[in-house]
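The values are calculated or read from the model by the stated rules, or taken from the named source; none is laboratory data. Bear in mind the structure is a predicted one, so any value in this text is a computation, not a measurement. Glycine gets a Cβ as well: all are built from the backbone with ideal geometry, and neighbour counts include every protein chain shown. Surface accessibility is based on the protein's heavy atoms, side chains included, excluding ligands, DNA and RNA. Shrake-Rupley method; radii C 1.70, N 1.55, O 1.52, S 1.80 Å.
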Amino acid sequence: MPGTGGRSREALGWAAWLAALAALTAAMAAIRGALDKAHVALAYLLLVLAAGARGPRTRGFAVALLAFLCFNAVFIPPYGSLAVHDPRDWLVLFTFLAVAGVAAHLLSRVQREAAEARRRAGEVARLSAEAGRARALADADRLKDALIASVSHDLRTPLTTIKALAHDLAEGGDERAVTIEEEADRLNRFVADLLDLSRLNAGELRVAPEIVAAEDLVGAALQRVSGSAAGREIRVELHPGEPLLLARMDFVQSLRVLVNLLENAHKYAPPGTPLDLVVAAEGDRLAFSVADRGPGVPEDERERIFHPFYRRPGAAPDVGGAGLGLSISRRLAEAQGGTLSVEPRPGGGSVFVFTLPAADLNDPPTLST
Ligand code: ADP
């Protein structure tokens, strides 16, 4: 047991210093006639210094006190008692006690400060190692972003060529060229998403907020998905009785977010089930909710689906993309002072809620129509 080991080491320490004091006293007593009081005082002082430098503070003080008693009893007449005949000897004795006490105190303070300095040096070494690791991680992250940005950039030119050639061949009636063109389109979208993600990460994608009417955004989004979600009913509810609903937004980027939500809802909800798009004022925000009757998102994945490259386990490989859409959309929402989250829908399915700061016509920048 470490406690027992520590205690027995301490007891040994005490015994060793008491033995040293006894030995020193005996040795000096044997040659008492040849010694001056100053010799005795200096020899005891050396012992007190040695004890104070090695052990705990109490040991330094205890050795000083015991040395004082031995000094008095063995070397100050009358010998063998603590009485003192010559009053000047009191001066010698108390000067000795004071010097020994102060020395023991100073030594123990030096020891404490040295221990504290060692602890701090250890702490500094630990912190600098941690800072080094954090720097290395940040560097790796920056390198990854730079790599993604440069690779996606370099992929764009050959993709454009492939698409143009495939388009020509398809015009000539080659069926396989149609597939090549579609796949090149898919890759192009993926590369564009990658580029946007790295720009958002680097804070390089700028948004230009202006005041826009909610119905303009909704109208543009419905028009945009009319091809991809053809045949799916989308019911729109712009809260009745409300005055014109306005939000401060970057129109192009908000359109991307809303279109992404509608396309996802169309992808993941069973065919034939309608989608609901509801716009409502909620305090100082405007909320665009896209509700579907799809599989819903389990609670433990409601944050994770907004992480880049996250696709739900079991998500069909031919449905959706690389898991970038929602992460880009959330960052775009946040870049405009908005939010994007998902909630379960009563009765089954999910509701994706995209909020933006509400605005009114008296706000500074001009109304875009
Ligand atoms: P992708 O659709 O390309 O996989 P997203 O970032 O758009 O990437 O979506 C991430 C994941 O979130 C999807 O793989 C899917 O599992 C889940 N998800 C997105 N929208 C819905 C939805 N409307 N209903 C159920 N799950 C969804």
If PRO270 meets every condition in (1) within 15 Å of GLY349 (Cα to Cα); (2) surrounded by fewer than 17 Cβ atoms within 10 Å (Cβ to Cβ); (3) under 28 Å from the mean Cα position of the chain (by Cα) apart from one, which number is that one? (3)
On the given criteria, is LEU246 more than 22 Å from GLY349 (Cβ to Cβ) and open to solvent by less than 30 Å² (accessible area, probe 1.4 Å)? yes
Going through segment 142-179 in order, the residues found to be under 24 Å from PHE309 (Cβ atoms) and either open to solvent by less than 70 Å² (accessible area, probe 1.4 Å) or in contact with a strand residue (DSSP E or B) (Cβ under 6 Å, 6 or more places away or on another chain) (or both) are ASP145, ALA146, ILE148, ALA149, SER150, SER152, PRO158, LEU159
Where GLY320 falls short, out of the listed (1) within 35 Å of the chain's Cα centre (by Cα); (2) more than 13 Å from the ligand (Cβ to nearest atom); (3) modelled with pLDDT under 95; (4) open to solvent by less than 50 Å² (accessible area, probe 1.4 Å): (2)
Close pairs (8 angstrom Cβ cut-off, 6 or more residues apart or separate chains): within 19 Å of ALA140 (Cβ to Cβ) in segment 195-224, open to solvent by 60 Å² or more (accessible area, probe 1.4 Å) anywhere: LEU197/ARG331; LEU200/ARG331
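Name the residue that is nearest to VAL212 (Cα to Cα), counting only residues in segment 273-298 that are more than 10 Å from the ligand (Cβ to nearest atom) and open to solvent by less than 10 Å² (accessible area, probe 1.4 Å).
Step one: filter segment 273-298 for residues more than 10 Å from the ligand (Cβ to nearest atom), giving 273-274, 276-289.
If we keep only those that are open to solvent by less than 10 Å² (accessible area, probe 1.4 Å) too, we end up with 277, 279, 286-288.
On the way: LEU277: 18, VAL279: 13, LEU286: 11, ALA287: 14, PHE288: 13 Å.
Going through the qualifying residues, I end up with LEU286.
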Can we say PRO308 is within 9 Å of the ligand (Cβ to nearest atom), assigned to a loop (DSSP other than H, G, I, E, B), at pLDDT 85 or above and not aliphatic (A, V, I, L, M)? yes
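Would you kindly identify the helices (runs of 4 or more DSSP H) lying entirely within segment 1-95 that contain at least 3 residues that are without any contact (Cβ under 8 Å) to a residue 12 or more places away in the chain? If you could, list the steps in order and put the result at the bottom.
On the way: elements: 2-30, 37-54, 57-70.
Result: 2-30, 37-54.
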Kindly indicate whether ARG232 is charged (D, E, K, R) and either closer than 18 Å to GLY337 by Cα or open to solvent by 80 Å² or more (accessible area, probe 1.4 Å) (or both). no
Quick check: anything in segment 121-141 surrounded by 10 or more Cβ atoms within 10 Å (Cβ to Cβ) and over 23 Å from the mean Cα position of the chain (by Cα)? yes
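Going by the structure shown, is VAL278 under 21 Å from GLY338 (Cα atoms) and either part of a strand (DSSP E or B) or in contact with a strand residue (DSSP E or B) (Cβ under 6 Å, 6 or more places away or on another chain) (or both)?
Numbers: under 21 Å from GLY338 (Cα atoms): yes; either part of a strand (DSSP E or B) or in contact with a strand residue (DSSP E or B) (Cβ under 6 Å, 6 or more places away or on another chain) (or both): yes.
So VAL278 passes the test.
Got a sec? Which strands (runs of 3 or more DSSP E) wholly within segment 156-270 have at least 1 residues that are within 16 Å of the ligand (Cβ to nearest atom)? If you could, list the steps in order and put the result at the bottom.
Values: elements: 210-213, 234-238, 246-249.
Filter on segment 156-270 gives 234-238.
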